[in-house]
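The values are calculated or read from the model by the stated rules, or taken from the named source; none is laboratory data. This structure is a prediction, so every number in the text was calculated from the model and none was measured. Don't worry about glycine lacking a Cβ; one is built from the backbone with ideal geometry, like all the others, and counts go over all protein chains shown.
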Amino acid sequence: MIKRILIALDTDKDTPVATQYGISLASEFEASVTGLAVVDMSNIYPSGIIGKPDATHHARNLWEELTKESRDIAEKLLDNFQKSVEKAGVRYTAIQKEGASVERIIDDMKYHDLLILGRESHFFYNEPDRETKTLAQVVKHGVCPTLVVTDSYHEFNKILVAFDGSNPAARSLKSFIHLITDRGKAEIELLYVSDKKNPDEEPLLGYSETYLREHGFQNISKTVLLGPKPSEQILAHQKVTGTQLTVLGAHAVSAIKRLTFGSNTHDLITSSNIPLFLSP
């Protein structure tokens with residue numbers, strides 16, 4: 001059961017949508033939401049002054065200026081978050097922390113049932129467009145499921161479950177069922193992607209279908225797609241079917257082998273126009 005929802009706040013355009021999802025789910029589950037703004041001190045450094053006169057003095061002043069700027073942005077993010085949740089009448093906590101974004105978010109994940117964040121989130125407030133590995137690291141090392149959202153809100157009625165029988169895919173499936181309360185209304189499509197002409201998918205999809213039916217889901221279909229690159233198959237299938245949410249294991253669709261996502265998962269994160277539900 002979902003009772004505590006963590007929303008990682010950033011300056012990207014997906015963050016207000018993440019807050020909207022958090023409010024909706026909190027209202028549905030009578031849960032509380034936590035808005036977390038992290039001033040990433042590891043990213044605050046003065047550049048371009050080494051070797052100049054009074055470099056230390058200027059560096060210190062610039063560091064203080066950048067730090068204040070990041071703290072001001074964090075306060076604004078929390079203020080916007082508070083206004084939204086108070087208007088919705090949802091119980092909430094607003095937190096500002098300092099340190100490495102990855103570490104602070106993962107620390108708070110330990111005490112929440114779900115993390116929600118935007119796919120464009122970078123969490124370097126003083127360099128909002130700088131590419132970071134924060135999202136990949138959070139999903140890889142986090143201890144609760146993650147809902148990665150885009151810049152628009154969708155109801156979760158038509159759901160695609162990419163299932164390959166791996167442990168991460170199974171964990172995502174088992175975590176996902178707690179996200180849906182109106183299970184009679186939900187349309188679930190179990191998807192298996194294979195590069196074999198005669199894939200042995202029946203046991204995998206059959207077992208997962210039985211599991212879902214035991215948990216009250218009735219409108220379930222099964223699909224097998226052939227192709228060498230799962231991400232391309234899934235993205236194309238999302239568009240054709242009008243899927244509103246895709247469920248997958250973070251390691252299942254081409255494992256996270258480094259500090260960044262494997263190619264297929266990276267493609268899904270960066271290209272999917274709908275939310276993704278992932279479990280570590």
Review point. Does T150 count as buried (at least 22 other Cβ atoms within 10 Å of the Cβ) and modelled with pLDDT of 85 or more?
Key: no
Study note, to complete from the structure: Expected output for segment 174-188 (first residue under 13 Å from L25 (Cβ atoms), partner in a loop (DSSP other than H, G, I, E, B) and among the aromatic types (F, W, Y), Cβ below 9 Å, 6+ apart or cross-chain) is L179/F156; I180/F156; I180/F217
Practice item. Tell me which residues, restricted to segment 28-43, are hydrophobic (A, V, I, L, M, F, W, C) and either free of Cβ contacts under 8 Å to residues at least 40 places away in the same chain or not in a strand (DSSP E or B) (or both). Key: F29, A31, M41
**Study point:** Unmet requirement for I95, which otherwise passes all of (1) assigned to a helix (DSSP H, G or I); (2) touching a residue at least 12 places away in the same chain (Cβ under 8 Å)
**Key:** (1)
Revision key, fill the gap. For I5, the lone unmet condition from (1) touching an Asp or Glu at 6+ places or on another chain (Cβ under 8 Å); (2) surrounded by fewer than 21 Cβ atoms within 10 Å (Cβ to Cβ) is (2)
Exercise for review: List the number of the failed condition for A31; all other conditions in (1) surrounded by 16 or more Cβ atoms within 10 Å (Cβ to Cβ); (2) farther than 30 Å from S172 by Cβ; (3) of a type in the set (G, A, S); (4) at pLDDT 75 or above hold.
Suggested key: (2)
Point to revise | All positions within segment 142-184 that are under 16 Å from the mean Cα position of the chain (by Cα), in a strand (DSSP E or B) and basic (K, R) | key: none
Review point. Residues of segment 67-104 being aliphatic (A, V, I, L, M) and at pLDDT below 95, which ones?
Key: I73, A74, A100, V102
**Study point:** Criterion: among the charged types (D, E, K, R), at pLDDT below 85, in the same structural domain as K133 (by TED's automatic domain parsing) and within 26 Å of the chain's Cα centre (by Cα) - qualifying residue of D40, D12
**Key:** D40
Check your understanding: Just to be sure, is F217 modelled with pLDDT of 95 or more, of a type in the set (A, V, I, L, M, F, W, C) and not in a helix (DSSP H, G or I)?
Key -> yes
